[in-house]
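This report refers to the structure that appears directly beneath it.
The values are calculated or read from the model by the stated rules, or taken from the named source; none is laboratory data. A quick note: this is a predicted structure, and the numbers were derived from the prediction, not measured. Here the Cβ positions follow ideal geometry from the backbone for every residue, glycine too, while neighbour counts run over all protein chains shown. The protein model used for the area step is the full one, side chains on, heavy atoms only, and it has no ligands, DNA or RNA in it. Shrake-Rupley method; radii C 1.70, N 1.55, O 1.52, S 1.80 Å.
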Amino acid sequence: MSALLTVDKISSGYGDIPVLRDVSLQVGANEIVSVIGANGAGKTTLLRSIAGLLPCTHGTIQFDGHRVDGLPAHQVVVRGLVMVPEGGRLFHFMSVQENLELGAFNGSARPQLKATLEEVFTLFPILASRRDQLAGSLSGGERQMCAIARAVMSRPKLLMLDEPSLGLSPLMVERVFEIIVSLARSKTIAVLLVEQNVGDALDMAHRGYVVERGQIVKTGSGTDLLADPEVQQAYLGL
């Protein structure tokens, strides 16, 4: 497998509080990789560190053949590595279309804004019908779709998603996961997923990593981790 993203023994945290210690992982082109673990294990810190929102105190991050640790977050996005944070964080006072257009702010995506917008409305038809509606008036599931669509507007090579199913109904959770798989297949976008629904996250993943106390303690295919007795007991209640 040719690695699109290689995280090599990174450590990071918040000020003097260490969270991650010597974490390594890889994501291949067009691959879905899930990261699972208990609350407070360091999953969000990992995504924030890769996205350039937190500095790494040790280790390196290579993306698409270039080292990106130490780059500011907006330059990481320009290279095609985009994160959808927990809750989506839309601009609620702006319309759906205005939020989407903001996703194409970088120089490489802006010239293709109109074409990408039409692609996004094809992928997310509910957003096309809501394009003039204020983002703050959308349902929880629609807001999550809009946040993912806004990230797609930047034409990413790798999409990082932090708890995309949080607070959604079971039906909407299923729809969001279908969209994630569709993006990986039809748009050739790699996905790094942090998700509380461990069974669904591993079921859709080519590979997975288990994080405990800021360290990777297990890795394997999604199928193998689903069958692992320790994973089943700790995260699936089996």
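Some values worked out for this structure:
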{"quantity": "Lone qualifier among Ala234, Ala205, Ala128 - being crowded, with 22+ Cβ neighbours inside 10 Å and of a type in the set (Gly, Ala, Ser)", "calculated": "Ala205"}
{"quantity": "Leading residue by the ranking (nearest to Phe105 (Cα to Cα)) among those in segment 151-163 that are open to solvent by less than 40 Å² (accessible area, probe 1.4 Å) and more than 12 Å from the chain's Cα centre (by Cα)", "calculated": "Ser154"}
{"quantity": "Selection within segment 208-224 - open to solvent by less than 10 Å² (accessible area, probe 1.4 Å) and under 9 Å from Ile36 (Cβ atoms)", "calculated": "Gly208, Val210, Val211"}
{"quantity": "Selected residue (only one of Ala109, Ala73 is more than 30 Å from Thr223 (Cβ to Cβ) and open to solvent by 10 Å² or more (accessible area, probe 1.4 Å))", "calculated": "Ala73"}
{"quantity": "Any hit, segment 151-165, residues being of a type in the set (Gly, Ala, Ser), free of Cβ contacts under 8 Å to residues at least 60 places away in the same chain and within 22 Å of Ile36 (Cα to Cα)", "calculated": "yes"}
{"quantity": "Any hit, segment 58-66, residues being over 27 Å from Leu138 (Cα atoms), among the aromatic types (Phe, Trp, Tyr) and surrounded by fewer than 20 Cβ atoms within 10 Å (Cβ to Cβ)", "calculated": "no"}
{"quantity": "Within segment 153-236, strands (runs of 3 or more DSSP E) holding 1 or more residues that are farther than 29 Å from Thr122 by Cα and in contact with a Gly (Cβ under 8 Å, 6 or more places away or on another chain)", "calculated": "207-212, 215-221"}
{"quantity": "Residues of segment 164-205 classified as aliphatic (A, V, I, L, M), closer than 20 Å to Thr45 by Cα and modelled with pLDDT under 90, total", "calculated": "1"}
{"quantity": "Tabulated pairs, segment 100-112, first farther than 23 Å from Ile126 by Cβ, second in a loop (DSSP other than H, G, I, E, B) and aliphatic (A, V, I, L, M), C-beta under 8 angstrom, 6+ apart or interchain", "calculated": "Arg110/Ala104"}
